[in-house]
Ligand SMILES: C[S@@+](CC[C@H](N)C(=O)[O-])C[C@H]1O[C@@H](n2cnc3c(N)ncnc32)[C@H](O)[C@@H]1O
């Protein structure tokens, strides 16, 4: 039975009501309750005509030049907006609360049990009976799960109890992509990353709705009732294989996205290769700090196979030991290293950190930056911070979701340009020499050096010609 809750303001004012006439109610009066009939109205019917016309134009551009990903992304954004505009609030709520969550669970079960690997191994439609036989599922229940996945559009129902894979379903059988699902649902009954997401509203209330900044009392510690932070938890054998899944997931995150070694992104040749001091054969060209299982260094090696100098992958021991022999180019050194301790590789041409500082609140970043600074050679070494620079207006959902995720898991954040200038220049005492963006929702390269004596502070304006798109 619905319970009517009187707001504290209304309760306080009730005794004075007789002193105020209805006509004296002004803009400052309490707003009227929302009319419940809006539940039956589409979310934003008025924007449908303009979205349809944008979709027509963007659709023609995307189809006529399939290699132009910007057109496809613009079309996708309008198509998503159209769905939301047409949906009624009840439909959005049921989709988000029932359909998306159960679909996620079913996808995760399918990854775990090899359903997608079997269905997606070729384009031939397969019966529920056949898939059940190959995966050990009870046929009747698998049929129910597949019906839901088909209703959500991820597989195609070609006949009763018979399905064809989509491109997405096939991709789920690739470990790097599929592993995100069991990472979020968690090993055993631990609840994985979802446990943190589910506890976040209560955690925020417990902190009086303030920005999460505590490294020792983050939402992960609250959710799992542990003193361990997210990364320590990942490496706790009780939660295996969460750590390995997380590292693999990080490799997939960058799948198909622009990378800093692409042409027209960061001037690798001019800023790193030229001027590299190759006289000392032990000289390091690039040190990837918190580099996970080496995907970024491998991309660098693929792009610059002839580049001289050491390429050093640094991460915590359980992470670097996850890299199997032959997985990375033989020239990439693996080094177990805790970045809260002294940096052992001195005077490298470049130190690189990708999605590392976003894991830490400002006060947690400072010791990490101090250790890099102490190893940098003045006038020679560069620090390349590969991170989102959130625009003040019009942020992309990939980066905003990551921002909330960071606050939820590790009390950290994605940063705006102003916040990067504050952290890297004013707090850590580095000099930002350029910010190189490549597109909204994709990490930029923030290039830093040790400040020279003449340096009197900078606005963080970079050399990049596309700086204004930040
Ligand atoms: C979000 S991941 C980014 C990984 C990689 N740079 C990338 O972009 O895919 C952060 C990395 O920092 C590593 N890390 C966390 N604490 C660390 C520490 N104290 N010392 C070294 N690495 C650490 C984690 O193991 C993880 O690989």
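Here are the numbers for this structure:
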read-out	value
Residue 336 paired with residue 232, simple spin-label distance in nm, labels 7 Å along Cα-to-beta-carbon	1.8 nm
Residue 225-residue 90 pseudo-label distance in nm [points 7 Å out on the Cα-to-Cβ vector]	3.9 nm
Extension gain from residue 112 to residue 61, taking 0.36 nm per residue of separation minus the Cα-Cα distance	14.5 nm
Order of 80, 349, 124 under a 10 Å beta carbon neighbour criterion, fewest first	124, 80, 349
Potential extension, residue 209-residue 264 segment - 0.36 nm per residue separation minus Cα distance	15.6 nm
Segment residue 325-residue 374, extension gain: residue separation times 0.36 nm, minus the distance between their alpha carbons	14.4 nm
Estimated translational D of the range 111-247 in µm²/s (Stokes, Kirkwood radius over Cα pairs; 37 °C; 0.692 mPa s)	193 µm²/s
Once the Cα gyration tensor of the range 45-86 is diagonalised, semi-axes √(5λ) in Å	20, 10, 5
Estimated FRET transfer efficiency (residue 39, residue 101; beta-carbon r; R0 22 Å; 0.05)	0.60
For the chain, the fraction of alpha-carbon pairs in successive 10 Å shells from zero, as %	4, 15, 24, 25, 18, 9, 4, 1, 0
Fewest-first sequence of 53, 407 by Cβ atoms within 10 Å of each Cβ	53, 407
The range 328-390 versus the range 32-111: alpha-carbon centroid distance in Å	40 Å
CD proxy at 222 nm, helix term only [per DSSP H run n ≥ 4: -39500 (n - 2.57); per residue of the chain; nearest 500]	-11000 deg cm²/dmol
Projected label distance in nm at residue 190 and residue 302, using a 7 Å step from Cα toward the beta-carbon	3.0 nm
Residue order, fewest to most surrounding Cβ atoms within 10 angstrom, among 52, 328	52, 328
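Since every read-out is calculated from the coordinates, none of them should be taken as a lab result. Quick caveat: nothing in here was measured; it's all calculated off a predicted structure. Note that each Cβ is placed from the backbone with ideal geometry, even for glycine, and that neighbours are counted across all protein chains shown.
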